[in-house]
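The values are calculated or read from the model by the stated rules, or taken from the named source; none is laboratory data. Everything numeric here is computed off the predicted structure, so don't read it as measured data. Virtual Cβ from ideal backbone geometry, glycine too; neighbours counted across all protein chains shown.
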Amino acid sequence: FCIYHVSSEPVIIIGAGRVGRATARALAEREVDYRIIETNRDRIRDEKYIHGSAADRATLDKAGVGETPAVVITTHDDDTNVYLTLYCRRLRPDVQIISRTTLERNVSTLHRAGADFVLSYASMGATTMFNVLRRTDILVIAEGLHVAEIEVPAALVGKSLAEAAIPKETQCNVVALRSGTALEMNPTPDTRLPAGADLILICTSEGEQRFLKRYGKASMRGRAVPRTNGAV
């Protein structure tokens, strides 16, 4: 997965199991602050852990849901993850939500619930850090994904991101828009796509092919994520 446009506010991790703790370690190694919400008191380790249910608004407020740049949902129960994705999306329409799923069939359900990225159990392997956008913008990407930069296709010029529906049509996610020397991180759904600008996308190889098939053989400057030994 990727966490983009990271601010000084902590990332919220829901669940202190194996995946949640590994996510916390990966963020700590990159000096990204975090808070972990966990219902099991035996798993509470230090002041970064918050005991309580993420379904409780007071617990989310204590973790900083109003300011966090991202919520990472890591419980092993897919139904819980769908509910928490819906709940967090309603509380924060602008926050990035990354959710785990145990069953592949629930990937599309979590996307419909509002998740920006969904990690199936099989994809939770190595992660890599890229500082591809700016030195202060942190991009953590799951193995098998690409960072690709492509000029806005003619068919999308003048459309808003919502109208373009790029994730729905291609399964590629737009994380930034580059226009000349200006870089807009995490553009909003009403952002208009100008001619000559570049889209910066996160996508799988299959998503890249869908994009090319739909919008033509434009020049994509993508790179695959190399394998590492870290785990998230």
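Restricting to the range 2-17, give me the number of residues that are at negative phi and either at pLDDT below 85 or of a type in the set (Gly, Ala, Ser) (or both).
Total meeting the criteria: 8.
Could you say whether any residue in the range 152-162 is under 20 Å from residue 113 (Cα atoms) and surrounded by fewer than 17 Cβ atoms within 10 Å (Cβ to Cβ)? Explain how you work it out, then say what you get.
Residues of the range 152-162 that are under 20 Å from residue 113 (Cα atoms), as a first pass: 161-162.
From the residues that got through so far, the ones that are surrounded by fewer than 17 Cβ atoms within 10 Å (Cβ to Cβ) too are 162.
Checking the range 152-162: at least one residue is under 20 Å from residue 113 (Cα atoms) and surrounded by fewer than 17 Cβ atoms within 10 Å (Cβ to Cβ).
For the condition among the basic types (Lys, Arg) and in a helix (DSSP H, G or I), what is the one hit in 100, 89?
Details: 100 fails: in a helix (DSSP H, G or I).
Testing whether each residue is among the basic types (Lys, Arg) and in a helix (DSSP H, G or I) leaves just 89.
Need the failing condition index for residue 54 against (1) in contact (Cβ under 8 Å) with a residue 24 or more places away in the chain; (2) farther than 22 Å from residue 114 by Cβ; (3) part of a loop (DSSP other than H, G, I, E, B), just the number.
All conditions pass for residue 54, except number (2).
So is residue 16 part of a helix (DSSP H, G or I), surrounded by 15 or more Cβ atoms within 10 Å (Cβ to Cβ), among the hydrophobic types (A, V, I, L, M, F, W, C) and not assigned by TED's automatic domain parsing to the domain that holds residue 176 or not? Give the steps one after another, and end with the answer.
Numbers: part of a helix (DSSP H, G or I): no; surrounded by 15 or more Cβ atoms within 10 Å (Cβ to Cβ): yes; among the hydrophobic types (A, V, I, L, M, F, W, C): yes; not assigned by TED's automatic domain parsing to the domain that holds residue 176: yes.
Here the answer is no, as residue 16 does not meet what is asked.
Okay, residues lined up against (1) among the polar types (S, T, N, Q); (2) crowded, with 18+ Cβ neighbours inside 10 Å; (3) more than 25 Å from residue 188 (Cα to Cα):
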| site | (1), (2), (3) |
| --- | --- |
| 8 | yes, no, no |
| 40 | yes, no, yes |
| 43 | no, no, yes |
| 53 | yes, no, yes |
| 64 | no, no, no |
| 75 | yes, yes, yes |
| 80 | yes, no, yes |
